[in-house]
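A short write-up of the structure that comes next.
Read-outs throughout are calculated quantities, based only on the coordinates presented, and are distinct from any laboratory measurement. Only a predicted model underlies this, so the values are computations on that prediction, with no experimental measurement involved. Cβ placement follows ideal geometry from the backbone for every residue including glycine, while neighbour counts extend to all protein chains displayed.
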Amino acid sequence: MPITQEELGRRLRVAREACRMTQDDVGRQLELSRSTIAQIELGKRTVSGLELGKLAYLFGRDMRGFVEDRFEEEDALLALFRSHPEISDQDDIVAALRLCVTLGRELTNLERLLAIDRDIGTIAAYPLAQPKTKWEAIQQGERIAEEERRRLGLGSVALPCVAELLETQGVRTAQVSLPDDVSGLTLVEEDIGFFVVANREHHVLRRRFSYAHEYGHVLMDRGRRGAVSRSRDRDDQLEMRANAFAASLLMPAAGVRQFIHALGKGRPSRFQAEVFDESDALRVEGRSRPGSQDIQIYDVVLMAQHFGASRLAALYRLRNLRLITEKQLDALKSREDAGAGQEMARMLDLPEQDHRAARNEFRRRFLGLALEAYRREEITHSKLLELAAMVEVARREVESALRDLGIEDDSGADVILPEV
């Protein structure tokens, strides 16, 4: 049964207030007066399809949700605003959130159109009590990382592509330009599923850590429905827990110790053993050569390369595992800051990973699905161009791709949306 104009207006008002926007704010975005927005919300003015689409994007909603029988008054964007109320006044973050929510929904729509099924019911969850201290937060994160590695049968080996790992677990991943202070975000919503975003402007190794960090939120903070990870919140206990999870997932304790031991390092400077001969035991003591167990900057470079982590992350992991002291951490960090790590990596002929080399993974996948949906006549030419624009692909590039594929233009057709 179609909803009334009054009910549509009420729903738009609820969505606007959830985003902490005034009628003036909405009017400026749509180039309409405040009184016109007020009339719409009162149900005294009709809303065109174009206006409804703009309003849905502005509120981070699916346009169909405003006209269906059932209306969800709280969504992922509202949950994010509730857990991070201060971000509603930061236009750059809000704009990035809107784009991420929209991309998540469009990706879901494309997968539904192409009958790509994701069973999100198989995604693990580790319900945890709120940590009482920062130390407890770190312990929780490391423990869950170890449990998840066991569940996935990963042992203590270095991980391959973290984004691909998340995808195999039913978690959608994307790279989106975010404000520099935001490393990533997590969205959990029925019509999106689990959607993890990393800041594509950050280095590829930092994005790798961000994916692992956000995966920690998916596993441990399911009830929050979303999270925005910002540098300024690093002292927050849930952020500390997710950071500890990411470090342990990428650089498992057993794997790090095995790697360092293989370099002839990381053992006590003094050691002892007892040999028993059925009558008595003989104690034998030994001592490593002075300085032979000290971890050097080249050891850190090799470890970081092996586990696919930044050299700084590797340093702090070594310190947390007590393989180096605080004094050694400071000394090695000073050498890294001076460029010694980069120079050592070059001398060892290790590839320097350029963050731009892998920055378009999501764009390629997203656009590939859009092209396939267009080829099957599930979406129109105009919808294809709209989706391409969301991932910064110009119209001429799309047209060139269509010519190469031998696909005709049906730009006069209407956009086809999937059934829900």
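Data overview
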| read-out | value |
| --- | --- |
| 42 Å tail of the calculated P(r), the chain, as % of Cα pairs | 26 percent |
| The range 360-405: C-alpha gyration tensor shape, a/c 1.5 cut-off, then a/b vs b/c | rounded |
| Within a Gaussian network of the chain (alpha carbon springs, distance under 10 Å), most fluctuating of T173, T380, T36 | T36 |
| Residues D25 and T4, FRET efficiency given R0 of 45 Å [Cβ-Cβ distance, rounded to 0.05] | 0.95 |
| Between 0 and 90°, nearest 10: helix 237-250 axis offset from the chain longest Cα axis | 60 degrees |
| Over the range 30-174, relative contact order from alpha-carbon pairs under 8 Å, at least 6 apart, % | 17 percent |
| Convex hull volume per residue in cubic angstrom - Cα atoms of the range 13-119 | 119 Å³ |
| Relative contact order %, the range 120-250, counting alpha carbon pairs below 8 Å whose residues are six or more apart | 36 percent |
| Straight-distance crosslink candidates among lysines, where the alpha carbon sits under 23 Å from K383 and sequence neighbours closer than 8 are dropped | K54 |
| The chain, relative contact order in percent, only Cα pairs under 8 angstrom and at least six apart counted | 14 percent |
| Positive-end extreme of charge dipole, the range 1-73 - chosen from T22, S48, T4 (charges on Cβ) | T22 |
| Note, ³J(HN,Hα) from phi for the range 193-205, Karplus 6.51, -1.76, 1.60, rounded to Hz, x at Gly and Pro | x, 9, 10, 10, 10, 10, 6, 6, 7, 7, 4, 4, 6 |
| Longest exposed-site-free window of the chain, the sites being trypsin sites (Lys or Arg not before Pro) in a DSSP loop that have at most 15 other C-beta atoms within 10 Å | 133-233 |
| For S231, net neighbour charge (Lys/Arg +1, Asp/Glu -1) across residues whose Cβ lies under 12 Å away | -2 |
| Ranking of H261, H202 by count of other Cβ atoms within 10 Å, fewest first | H261, H202 |
| Difference of contour (0.36 nm per residue) and Cα-Cα distance, L50 to R322 | 92.0 nm |
| Counted charge near H217, where neighbours are those whose Cβ lies closer than 11 Å (Asp, Glu -1; Lys, Arg +1) | +1 |
| Sum of side-chain charges, L315 neighbourhood, beta-carbon under 15 Å (Lys, Arg +1; Asp, Glu -1) | +3 |
| Spatially proximal lysines relative to K333 (Cα-Cα < 25 Å; intrachain offsets below 8 disregarded) | K134, K265 |
| Likely footprinting exposure, D91, D349, fewest C-beta neighbours within 10 Å first | D349, D91 |
